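The values are calculated or read from the model by the stated rules, or taken from the named source; none is laboratory data. Please read these numbers as outputs of a predicted model, since none were measured by experiment. Every residue, glycine as well, gets a Cβ built from its backbone with ideal geometry; the counts of neighbours run over all protein chains shown. Surface areas here come from the heavy atoms of the whole protein model, side chains and all, with no ligands, DNA or RNA. Shrake-Rupley method; radii C 1.70, N 1.55, O 1.52, S 1.80 Å.
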Amino acid sequence: MKFLQKIILPLLVGLVIFVIYTFYFAGKSDLGSFNDFDPNNSAVKDIRVKLLSDRGINMQGGEIVFYVVDKNGKVVMVYGALQIPENFDKAETIILKGHLTQGGFHAHGVEVD
């Protein structure tokens, strides 16, 4: 019986650690949705989106302007006075930090995923 207890307890501890890592610490690889944002709320939140580099990355009035698409296929214009990371134009997915407005997504930061 003691042999069985010595095996079950470590297996249960390992299972708990695996479940916590899988659901809490492991990064999400799926795209986010702009439907989770309220255009009347200026709280800065993160969202993972796909960059539409074929629409171009332009500079307008001191701000970078580009387009992204979320998991629902919603295309949104992103603008902001940003520092663009290296290889940004070659990135498939990016992580935006900012908030949704009536005119698009005002980004405060951008990371290449």
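Here are the numbers for the structure shown:
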{"quantity": "Heavy-atom accessible area ranking, 1.4 Å probe, most first, across H108, H99", "calculated": "H108, H99"}
{"quantity": "Counted charge near V65, where neighbours are those whose Cβ lies closer than 14 Å (Asp, Glu -1; Lys, Arg +1)", "calculated": "-1"}
{"quantity": "Loop-resident sites, the range 1-107, for chymotrypsin sites (Phe, Trp or Tyr not before Pro), counting at most 11 other Cβ within 10 Å (DSSP)", "calculated": "none"}
{"quantity": "Of all accessible heavy-atom area on the range 1-110, the percent that carbon and sulfur account for (1.4 Å)", "calculated": "57 percent"}
{"quantity": "M77 versus S53: modelled label distance in nm, points set 7 Å from Cα along the beta carbon direction", "calculated": "2.3 nm"}
{"quantity": "Lysine pairs within the chain, Cα separation less than 29 Å, 8 or more sequence positions apart or different chains", "calculated": "18"}
{"quantity": "The chain, accessible area per residue, ligands and nucleic acids excluded (1.4 Å, Å²)", "calculated": "69 Å²"}
{"quantity": "Accessible surface, 1.4 Å probe, highest first, among residues E92, E86", "calculated": "E86, E92"}
{"quantity": "Cβ-based net charge around N35, under 11 Å, with every Lys or Arg adding one and every Asp or Glu removing one", "calculated": "-1"}
{"quantity": "Between helix 2-20 and the chain: long-axis angle, C-alpha atoms, 0 to 90°, nearest 10", "calculated": "10 degrees"}
